[in-house]
């Protein structure tokens with residue numbers, strides 16, 4: 001899923017890039033309103049994080065022009081402007097949500113996942129990806145969720161990719177390079193610690209006993225395996 005981050009402040013922009021990359025999104029950046037409109041037309045992103053106070057063309061006008069071209073692409077306004085009237089204007093222009101600076105990592109992740117769940121299936125009329133089973137879990141990619149009975153577990157986009165990769169390779173030992181290439185991409189080079197941390201956090205969400213996992217097993221010196 002491709003995300004356009006439109007933000008003129010370098011620190012905020014880099015912070016958002018780190019958060020969303022860790023969630024598994026492909027990132028495109030723009031530094032002002034004109035560049036945002038150019039990148040939107042050229043890259044056709046699935047999602048837009050849009051600052052309001054940008055040079056050239058402000059976020060409100062960018063949102064108007066985006067909505068004229070695409071009425072369903074998810075848009076979240078991210079801005080230091082926190083007055084209620086600003087939120088109302090943004091939402092009336094068709095934004096899906098509004099995050100005020102300064103923001104926390106958990107807030108951004110929660111809001112991005114919520115908007116993605118509402119809009120991913122509707123994007124350009126595509127059908128939602130089919131759910132799949134892995135172990136005793138039912139995973140719904142379009143909802144970014146897994147269920148075990150009545151228990152619901154929220155997942156990131158990358159979590160879903162990892163689980164799907166294991167579900168497609170039952171009984172096979174998947175080495176770190178194979179997992180990274182499939183779930184991060186060939187052009188991204190996380191180290192093995194990044195992968196191990198991701199698996200550790202995923203186990204905390206999906207395993208009944210994370211210290212004794214039954215869904216994603218560690219094969220020491222080789223990688224990971226799912227036995228079905």
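The values are calculated or read from the model by the stated rules, or taken from the named source; none is laboratory data. Nothing here was measured: the structure is a model prediction, and the numbers come from that model. Glycine gets a Cβ as well: all are built from the backbone with ideal geometry, and neighbour counts include every protein chain shown.
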Quiz item: Applying the selection to region 72-85, what residues are in contact with a helix residue (DSSP H, G or I) (Cβ under 7 Å, 6 or more places away or on another chain), assigned to a loop (DSSP other than H, G, I, E, B) and surrounded by 16 or more Cβ atoms within 10 Å (Cβ to Cβ)?
Solution: 73, 74
Quiz prompt | Single residue of 145, 176, 205, 214 found to be closer than 24 Å to residue 25 by Cβ, surrounded by 14 or more Cβ atoms within 10 Å (Cβ to Cβ), touching a residue at least 40 places away in the same chain (Cβ under 8 Å) and outside the structural domain of residue 107 (by TED's automatic domain parsing) | solution = 176
Quiz item: For residue 194, are the conditions met, namely being farther than 16 Å from residue 160 by Cα and either at pLDDT below 90 or out of contact with any strand residue (DSSP E or B) (no Cβ under 9 Å at 6 or more places or on another chain) (or both)?
Solution: yes
